[in-house]
1. From Ile6, Ile23, Ile35, which residue is open to solvent by 40 Å² or more (accessible area, probe 1.4 Å) and of a type in the set (A, V, I, L, M, F, W, C)?
2. Determine whether Lys114 is open to solvent by 40 Å² or more (accessible area, probe 1.4 Å), within 18 Å of the chain's Cα centre (by Cα), of a type in the set (D, E, K, R) and modelled with pLDDT of 95 or more.
3. Anything in the range 206-220 that is in contact (Cβ under 8 Å) with a residue 24 or more places away in the chain, open to solvent by 10 Å² or more (accessible area, probe 1.4 Å) and under 18 Å from Asn83 (Cβ atoms)? List them, or say none.
4. State which residue pairs qualify: first residue in a helix (DSSP H, G or I) and inside the range 151-174, second residue open to solvent by 70 Å² or more (accessible area, probe 1.4 Å) in any location, beta carbons under 6 Å apart, and separation of 6 or more residues or different chains.
5. Kindly list the number of the only condition in (1) free of Cβ contacts under 8 Å to residues at least 40 places away in the same chain; (2) closer than 26 Å to Glu50 by Cα that fails for Leu142.
6. Are any of the residues in the range 141-153 touching a Lys or Arg at 6+ places or on another chain (Cβ under 9 Å), open to solvent by 30 Å² or more (accessible area, probe 1.4 Å) and under 22 Å from Phe88 (Cβ atoms)?
7. Residues being open to solvent by less than 10 Å² (accessible area, probe 1.4 Å) and either over 18 Å from Pro81 (Cβ atoms) or aromatic (Phe, Trp, Tyr) (or both): count how many of those fall in the range 189-205.
8. Residue check, Leu78 against (1) closer than 30 Å to Lys145 by Cα; (2) open to solvent by 20 Å² or more (accessible area, probe 1.4 Å), all met but one. Which one?
Amino acid sequence: MKTIGIIGGMGPLATSDLYRRIIARTKAAKDQDHIHVLIDSNTRIPDRTEAIIGNGEDPRPELIKSAERLEQGGADFLIMPCNTAHYFIDAIQAKVHIPFIDMIEETAKDTKQKYGQETVVGIMATDGTLKTKIYEHCYHRLAIKTVVPEKKQQKLMKFIYEVIKNGNYDAGTNLFFECVEELKNKGADAFLLGCTELSSAQYLYKFEGPFINPTEILAEASIIRAGGQLNECHSNRLFFGSPFLSDSRPGR
């Protein structure tokens, strides 16, 4: 099988969740059946949203360093568990000789397959991702309508940065679901977890519903690209028995 290279550290929890999801979704009876995975958890990569809105350092040099390290280490292709960082994917790809799996494109295609072309997707993401419109462009190419939050966007950003990135998990999910309600009122019937911290939040808080989780979609696409088989049991034990939280669902 091929070797997967993960450009990680954006943040570390999201990187860990992707790797665990690759493990959980790979059909394997023994260690040797699993896929060889290289992870560069590069926490020196500057904040992607701050760079896009013009307030921060350019993340491309560190993203390229990670990609080059993984290529030199033997990775056959690259994946990146950060939605916002996909804005820079062409600059990274230009510096390496191995391909990327584009999480944004994979997610849009998966949405059409699972929810149909008539669905309305509410995009929940960072300010940086919303500014680039990378998801909207992909969905619109597939003729899928999208809506984005306005009034509750800053509350979603607070949830991403002050609750999930900051490890303040006991704060619960109220900020998150306020944004969901706004998108519902705008006509959304499926909700994109368009930040890997939001994907992690689904694992941490166990919430269910029509949520589109790019981390899961990327994990499955990576397994198939590497030559592995998907474990059809869809075991969530690695996630929905989180060591961070009790079995009760807080903050809803």
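1. Working: Ile6 fails: open to solvent by 40 Å² or more (accessible area, probe 1.4 Å); Ile35 fails: open to solvent by 40 Å² or more (accessible area, probe 1.4 Å).
Of the residues listed, the single one that is open to solvent by 40 Å² or more (accessible area, probe 1.4 Å) and of a type in the set (A, V, I, L, M, F, W, C) is Ile23.
2. In short, yes.
3. Let us first name the residues in the range 206-220 that are in contact (Cβ under 8 Å) with a residue 24 or more places away in the chain, namely 206-207, 210, 212, 214-220.
Checking the rest, the ones that are also open to solvent by 10 Å² or more (accessible area, probe 1.4 Å) come to 206, 210, 216-217, 220.
Correct list: Glu216, Ile217, Glu220.
4. Tyr169/Phe244
5. (2) is the only condition that Leu142 fails.
6. Yes, some residue in the range 141-153 is touching a Lys or Arg at 6+ places or on another chain (Cβ under 9 Å), open to solvent by 30 Å² or more (accessible area, probe 1.4 Å) and under 22 Å from Phe88 (Cβ atoms).
7. Here the count works out to 4.
8. So Leu78 meets the others, but not (2).
The values are calculated or read from the model by the stated rules, or taken from the named source; none is laboratory data. From a predicted model like this one, the values you see are computed outputs, not experimental measurements. Virtual Cβ from ideal backbone geometry, glycine too; neighbours counted across all protein chains shown. Quick note on the areas: whole protein, heavy atoms, side chains included, nothing else; ligands and nucleic acids left out. Shrake-Rupley method; radii C 1.70, N 1.55, O 1.52, S 1.80 Å.
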